[in-house]
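The next block holds one structure in the form of structure tokens; read it before the comments.
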Amino acid sequence: MGFPTTRMRRLRRTETLRRMVRETRLTVDNLVMPLFVRPGTNEQRPITSMPGQYQWSVDRLVEEVKTLEGLGVPAVLLFGIPDAKDEFGSAAYRPDAIVCRAVEAIKSNCPDICVITDVCLCEYTSHGHCGVVRENRDGVADVENDATLELLAKEACCHAAAGADMVAPSDMMDGRVGAIRQALDGNGHEEAAIMAYSAKFASAFYGPFREAAESAPQFGDRRSYQMDPPNQREALREMALDLEEGADILMVKPALPYLDILQAASERFDVPLAAYHVSGEFAMVKAAAAQGWLDERRTALEILTAIRRAGARLIMTYWAKDAAGWLA
Ligand code: PBG
């Protein structure tokens, strides 16, 4: 039955009607706030390319987490900026690593908030790559997969020992979820969950993050380990493998340009799905809003709702704090 009997506008007439037939709901429960922690005290250093985002010292980070908890944000995702970097990223897997100190401080002040830690080496290596660099068979410097696994597993265990509820490997080495699961279980951390950055693409949208985390690669790029953007089938395979290796949550990253991957994954997998709305996606809206070209709040909520609609239960977003306020 078509027009004029059928009129789609009938159910759009009032906000109450729209509320009643709304198919997707974004709530504060879906939001995870990424936070950057650096050494020092009383530090809140602005990140130029991500307006409103900061590198925090541990003491100030705890205050920010208290505010987030008060707003109902259920989880934070921590990134560390160490005081010194070396070839093997050793500042990532010491018991007194900056992220471990942050986890302990958050856990003793806000025991209920879920603390997730990013597990990767790029913030800690002098060369800025996500693992151990060696020459490959062509004589080209590249990240060596298997040697990196051991270091990632060590890092994940340090985070779990400090009290992290969940570790989130973002390095894209083969076999890292299995290696981390095995190491966690072998060290009495069987309760720590793994959120795998499973379908992580070699994306231009990470630009601002690399300023925030001081983690830009000093040579080359990440294309030999992060995924090639045109590939959907391969992304689903990555996700299936991570699930087999023991991942509790599967992530797609970036979010908006990869909603098709998220949708396909939500049809295929029964585990909770996450999406990382990354720094570049955030920065472009911020820049346009600063020009008066976009309404930041409406744009942000539309984007986050679209990510939910495509199938993500959890969204890592730099808008988590603002959105918690907007949704209240
Ligand atoms: C670390 C990591 C990156 C991001 C999250 N974890 C950067 C990268 O892979 O270069 C990006 C997050 C963002 O852009 O907001 N490997």
Legend entry - Residue tally, condition surrounded by fewer than 17 Cβ atoms within 10 Å (Cβ to Cβ) and under 16 Å from LEU259 (Cα atoms), over region 290-304: 1
Inset, instruction - Determine which single condition ASP270 fails, assuming it passes every other condition in (1) farther than 13 Å from TYR197 by Cα; (2) in a helix (DSSP H, G or I); (3) of a type in the set (D, E, K, R). - result: (2)
Inset, instruction - Tell me, please, whether a residue that is within 15 Å of the ligand (Cβ to nearest atom), open to solvent by less than 10 Å² (accessible area, probe 1.4 Å) and out of contact with any strand residue (DSSP E or B) (no Cβ under 7 Å at 6 or more places or on another chain) can be found in region 128-135. - result: yes
Inset, instruction - Check SER108, SER90, SER49, SER126 and return the single one that is in contact with a Lys or Arg (Cβ under 7 Å, 6 or more places away or on another chain), on the phi < 0 side of the Ramachandran plot and of a type in the set (Gly, Ala, Ser). - result: SER126
Legend entry - Residue, surrounded by the fewest Cβ atoms within 10 Å (Cβ to Cβ), within region 262-289, restricted to residues that are among the aliphatic types (A, V, I, L, M) and more than 16 Å from the ligand (Cβ to nearest atom): ALA288
Legend entry - Matching residues, region 45-60, being out of contact with any strand residue (DSSP E or B) (no Cβ under 9 Å at 6 or more places or on another chain) and open to solvent by less than 50 Å² (accessible area, probe 1.4 Å): SER49, MET50
Inset, instruction - Filter region 219-239 down to the residues that are part of a loop (DSSP other than H, G, I, E, B) and open to solvent by less than 30 Å² (accessible area, probe 1.4 Å), then identify the one that is farthest from the ligand (Cβ to nearest atom). - result: TYR225
Inset, instruction - Determine whether LEU68 is in contact with a Lys or Arg (Cβ under 9 Å, 6 or more places away or on another chain) and outside any strand (DSSP E or B). - result: yes
Inset, instruction - Could you tell me which residue of region 240-253 is surrounded by the most Cβ atoms within 10 Å (Cβ to Cβ), considering only residues that are not charged (D, E, K, R) and not in a loop (DSSP other than H, G, I, E, B)? - result: VAL252
Inset, instruction - Report the residue count in region 1-47 for those that are under 23 Å from TRP326 (Cβ atoms) and of a type outside the set (Lys, Arg). - result: 22
Legend entry - Residue count, region 34-55 (criterion: over 16 Å from SER279 (Cβ atoms) and either assigned to a helix (DSSP H, G or I) or among the aromatic types (Phe, Trp, Tyr) (or both)): 0
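The values are calculated or read from the model by the stated rules, or taken from the named source; none is laboratory data. Quantities reported herein were computed from a predicted structural model and do not represent experimental measurements. A quick note on method: Cβ atoms are made from the backbone with ideal geometry, for glycine too, and the neighbour counts reach across all protein chains shown. For the accessible areas, the whole protein counts, side chains as well, though only heavy atoms, and no ligand, DNA or RNA atoms are used. Shrake-Rupley method; radii C 1.70, N 1.55, O 1.52, S 1.80 Å.
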